[in-house]
Amino acid sequence: MLVPIVLIALGAGAVEAASDGAGLRLCGDPDNLPFSHAGDGERGIYVDVAEHVAARLGVRTEYVWWHTAYGKRAIRNTLLADRCDAFFGVPHDPDFMSRDLILTRPFLDVGWAIIAPRALEFSSVDDLKARRLAVVFRSTPQLLLASRGGFRTVTFRTDEAALEALVAGEVDAAFVWGPTAGYHNHTKLGGAYRVVLVAGEGLQWQAAVALRKGREDLRDRIDDALAALRPEIRRAAERYGFPAGPAMALATTTPAADGDSIAAGRSLFNQHCSHCHAPNAMSPEPSRDLRRLRLRYGAVAAEVFYTTVTRGRPDKGMPTWSNLDTGAVQRLWMFVDSVQTPR
């Protein structure tokens, strides 16, 4: 999944423009708070950071608004189409569209979080098993909790719907996107709720700026500006209510799988996955050998599996399996986990 994004586009020759005061084209999503906004009032953290970067480069700014709900397609239609020269808000992941992009160092931490009334005491996600816990359909939290069992989840279409249910008392807590939860708590709930980040593979991200390959000069200038702007970025994150502090452990384990579940998972695997990973996951090619997931990833192997299946890795040829429901993904993992090699 892409980090919720806003674009910043620096006009061609922006490096040279820094010395002559020419304009800097900034492309942003017009309705994506707390990340960006085209109207009056708060502009969003990425727009604020972009303004600071432009000031460090010594250029004025101009805006072109572009909806970013299409994720990577937005990058292809802007940055890779040579309409923009830099893109704020991509995951700081060396595999992210790595054939075409270069990245700055990360400048902002984002991730999933639990939001709950301050009176509700919990120190791990397991402590909420007896509670009604809101999750968003096909989100990483929904899939991770389903794989572990014992949680009373209530599913919603959007983070906003989950937060409305929390305020209405329909659920006891919500496991949703942290920036949305923090901003909602800060702007609409008067800070009355506790927002706690949750640690785990696929649950926490760092945002960076992406540029096309060949623009290392501009990347380095933006990197230098971002390094100098760390205090301003931290204050902006606080201003928009982004959750901070140490992340709470997921602290659960996947339940033991019975023979029927493993057999069902094997059948699903051979239907949907064997064309790339070989029948019964017995691929002789190391990069496609799923029997070595626990050797590679240890305790977070399950999280890596769920994140990869539900989000895909297009740069590596791995599609997003949106046609598989939560139960099917869980059975797939039970089978894959059953064939893990000890060495």
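The values are calculated or read from the model by the stated rules, or taken from the named source; none is laboratory data. Just so you know, these numbers come straight off a predicted model, no measurement behind them. Reconstructed Cβ throughout: ideal geometry from the backbone, glycine too, with neighbour counts over all protein chains shown.
Within the stretch 61-79, residues that are of a type in the set (Asp, Glu) have Cβ atoms under 8 Å from residues that are surrounded by 15 or more Cβ atoms within 10 Å (Cβ to Cβ) in these pairs: 62/24; 62/25; 62/26, counting only partners at least 6 apart in sequence or on another chain.
Residue check: is residue 288 basic (Lys, Arg), more than 26 Å from residue 108 (Cβ to Cβ) and outside the structural domain of residue 148 (by TED's automatic domain parsing)? Give the derivation first.
Working: basic (Lys, Arg): yes; more than 26 Å from residue 108 (Cβ to Cβ): yes; outside the structural domain of residue 148 (by TED's automatic domain parsing): yes.
Against the criterion (basic (Lys, Arg), more than 26 Å from residue 108 (Cβ to Cβ) and outside the structural domain of residue 148 (by TED's automatic domain parsing)), residue 288 qualifies.
Mind listing just one residue for me: the one in the stretch 313-331 that is hydrophobic (A, V, I, L, M, F, W, C) and in a helix (DSSP H, G or I) and, of those, surrounded by the most Cβ atoms within 10 Å (Cβ to Cβ)? Among them, the one singled out is 329.
The residue that is farthest from the chain's Cα centre (by Cα), among those in the stretch 207-246 that are assigned to a loop (DSSP other than H, G, I, E, B) and at negative phi, is 215.
Could you please give the count of residues in the stretch 276-293 that are part of a helix (DSSP H, G or I) and over 24 Å from residue 138 (Cα atoms)? Break it down stepwise before answering.
Let us first name the residues in the stretch 276-293 that are part of a helix (DSSP H, G or I), namely 276-277, 279-281, 286-288, 290-293.
Filter once more, so that each one left must be over 24 Å from residue 138 (Cα atoms): 279-281, 286-288, 291-292.
Residues flagged as part of a helix (DSSP H, G or I) and over 24 Å from residue 138 (Cα atoms) within the stretch 276-293 amount to 8.
Got a sec? Which helices (runs of 4 or more DSSP H) wholly within the stretch 3-99 have at least 2 residues that are at pLDDT below 85?
Numbers: elements: 14-20, 45-57, 72-77.
Here the list reads 14-20, 72-77.
This table checks each residue for (1) exposed (fewer than 15 other Cβ atoms within 10 Å of the Cβ); (2) modelled with pLDDT of 80 or more; (3) in contact with a Lys or Arg (Cβ under 8 Å, 6 or more places away or on another chain).
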{"site": "261", "(1), (2), (3)": "no, yes, yes"}
{"site": "286", "(1), (2), (3)": "yes, yes, yes"}
{"site": "311", "(1), (2), (3)": "no, no, no"}
{"site": "333", "(1), (2), (3)": "no, yes, no"}
{"site": "339", "(1), (2), (3)": "no, yes, yes"}
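Just a yes or no: is a residue in the stretch 153-165 touching a residue at least 60 places away in the same chain (Cβ under 8 Å), more than 14 Å from the chain's Cα centre (by Cα) and outside the structural domain of residue 224 (by TED's automatic domain parsing)? No, there is no match, as no residue in the stretch 153-165 is touching a residue at least 60 places away in the same chain (Cβ under 8 Å), more than 14 Å from the chain's Cα centre (by Cα) and outside the structural domain of residue 224 (by TED's automatic domain parsing).
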